[in-house]
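Taken together, the values in this text are just the output of simple stated rules run on the coordinates, not laboratory data. Only a predicted model underlies this, so the values are computations on that prediction, with no experimental measurement involved. Virtual Cβ from ideal backbone geometry, glycine too; neighbours counted across all protein chains shown.
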Amino acid sequence: MPVITNIDDLKRIHRRRVPKMFYDYCESGSWSEQTFRENTSDFDKIYLRQRVAIDMANRSTKSQLIGQDVAMPVALAPVGLTGMQSADGEIKAARAAEKFGVPYCLSTMSICSIEDVAENTTKPFWMQVYTLKDDDYMTRLFDRAKAAKCSAAVITVDLQLLGQRHKDLKNGLSAPPKFTAKSIADMMTKVTWGLEMLQTKRRFFGNIVGHAHGVTDPSSLGNWTNESFDQSLNWDRIREFRKMWDGPLIIKGIIDPRDALEACNVGADAIVVSNHGGRQLDGALSSIRALEPIMDAVGDKIEVHLDSGIRSGQDVLKALALGAKGCWIGRAYVYGLGAMGEAGVTKALEVIHKELDMSMALCGHRDVRGVDRDILMVPKGFSGDWE
Ligand SMILES: Cc1cc2nc3c(=O)[nH]c(=O)nc-3n(C[C@H](O)[C@H](O)[C@H](O)COP(=O)(O)O)c2cc1C
């Protein structure tokens, strides 16, 4: 086993082991990828204030997210096609999360279905839903999540249409995928990945095929996807979804304070400040820059989480210090999954946990819940001063 010391190590192995089409799918932002890049580089512009001779023994990273106990305030974000990064990838990621004591959020566009993940795990997970037009499908999706005892629903509001990712178009990564001679040749070189894929029956969108009307096989999926995403979505429609789900609700994909206030008004329990990992509006602010103005707008009306760009425990610490109650990670755990399956997701969580714990200590704190802005040096105008 190679010595893994950081998330970048996992990313390098992921790239080697997984077909290019799926690695690229993970490692892309939309259009010029400006927002994708700045999601990570903006974290580097914030500095941590080192303190010394402060008792750092007996530390705790334990916290709560939407009232649920967590070993650290980090959740695994919903990621479509996770089951193509590693066979049965959603089940592997959910198992790693439950053993570690952090929430796992399953994507609507997952390969393993809600029922599959529920049957193969022992703790409740969160269910992400897209805001689709098909009322019947949406009602059943919420009902299926309820039957599977999901402990929260996550409505993603930043994908009324799909941001263009050049690599996916070039690689034929669509729903359903269009395999070319080149992509098939590449897949044949990823031997371990291929052998594991041959052994699983889960190779298609498990929450859609057989569940959405008219989608009985992979070939009918393309039309359904094109027609289903609701470009006329508004907050009234989101209120209708709220009525379909009576459990804890999280609204994901907020980057503007005005939208954060709207989310408070629909009765959500938490919001995720997120630009979808830089995959939607290219040129949008990085999440970490967008966080403080949103915190100022919502105050303590709602719990605020953040994702997009988290690659280390130091990043988590910075987001917490700026007011987020928790962070979600997307690519950071997918790299681990592609690199080493469930053990790789566990490794990603261990890396982030250790970095968070030690950096918190070096900033003079012993309890992650007590971390505040005082540990940071933030450049003037970092979050505001825009014309
Ligand atoms: C490959 C990939 C697929 C994703 N699929 C979904 C999805 O199905 N639903 C969703 O709400 N967000 C999806 N996201 C966004 C993530 O939930 C999360 O917001 C993002 O990954 C955070 O950025 P990070 O990857 O830099 O941590 C996806 C992100 C990636 C990288």
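Is the shape of the stretch 98-200 best called rounded, prolate or oblate, per the rule: a/c under 1.5 gives rounded, else a/b larger than b/c gives prolate, else oblate, with a ≥ b ≥ c the square roots of the Cα gyration tensor eigenvalues? Before the final figure, lay out the partial values.
Working: a/c = 2.35, a/b = 1.38, b/c = 1.70.
Since a/c reaches 1.5 but b/c is at least a/b, the shape of the stretch 98-200 is classed as oblate.
Using only Cα atoms, find the angle between the long axis of helix 331-362 and the longest principal axis of the chain, and express it within 0 to 90 degrees, rounded to the nearest 10.
Compared with the principal axis, the helix lies near 10 degrees.
Just from its helices, what would the mean residue ellipticity at 222 nm be for the chain, if runs of 4 or more DSSP H residues each count -39500 (n - 2.57) and the sum is divided by every residue, rounded to the nearest 500 deg cm²/dmol?
After summing the helix terms and dividing by residue count, I get -12500 deg cm²/dmol.
Can you tell me which of Ile251, Ile46, Ile155 moves the most in a GNM of the chain? Springs connect C-alpha atoms under 10 Å apart.
Ile46
Give me the log10 of I(q) over I(0) for the chain at q = 0.07, 0.10, 0.14 Å⁻¹, as the Debye formula computes it from C-alpha points; what are the numbers?
With no solvent term, the Cα-only Debye profile gives -0.29, -0.61, -1.26.
Once the Cα atoms of helix 7-17 and of the chain are each reduced to a long axis, what angle between those two axes, in degrees from 0 to 90 to the nearest 10, is obtained?
20 degrees
In which sequence would Trp235, Trp126, Trp31 go, from the one with the fewest C-beta neighbours within 10 Å to the one with the most?
With the fewest neighbours first, Trp235, Trp126, Trp31 line up as Trp235, Trp31, Trp126.
Angle between the Cα long axis of helix 287-298 and the longest principal axis of the chain, 0 to 90 degrees, nearest 10?
Tilt of helix 287-298: around 70 degrees.
Using θ = phi - 60° and the Karplus curve 6.51 cos²θ - 1.76 cosθ + 1.60, what whole-Hz ³J(HN,Hα) does each residue of the stretch 305-310 get, with Gly and Pro shown as x?
10, 9, 9, 4, x, 6
What is the fewest-to-most order of Thr82, Thr40, Thr189, Thr131 by other Cβ atoms lying within 10 Å of their Cβ?
Ordered by Cβ neighbours within 10 Å, fewest first: Thr189, Thr40, Thr131, Thr82.
Apply the Debye scattering formula to the stretch 173-299, with a single equal point scatterer on each alpha-carbon and no solvent, then give log10 I(q)/I(0) at q = 0.18 Å⁻¹.
-1.09
Select from Arg51, Arg95, Arg279 the residue whose mean-square fluctuation is largest in a Gaussian network model of the chain (Cα-Cα springs shorter than 10 Å).
Of the options given, Arg51 has the highest mean-square fluctuation.
Sort out for me the Cα centre separation of the stretch 180-212 from the stretch 32-66, rounded to whole Å.
36 Å
Among bridges DSSP assigns within the stretch 7-377, what percent are antiparallel (round to 5)?
So the antiparallel bridges amount to about 20 percent of the total.
Distance check, please: which entries in Lys62/Lys99; Lys11/Lys92; Lys99/Lys178; Lys20/Lys201 exceed 25 angstrom between their Cα atoms?
Lys99/Lys178
Among Ser219, Gly83, Met72, whose Cα projects farthest towards the positive end of the dipole of the stretch 7-377, with charges put on the beta-carbon of Lys, Arg (+1) and Asp, Glu (-1)?
Farthest along the dipole direction, towards plus: Gly83.
Would you mind working out the magnitude of the charge dipole of the stretch 7-377 relative to its Cα centre, with +1 at each Lys and Arg C-beta and -1 at each Asp and Glu C-beta, to the nearest 20 Debye?
Working: 48 positive and 48 negative charges, 201 e Å.
Roughly 960 debye, rounded to the nearest 20.
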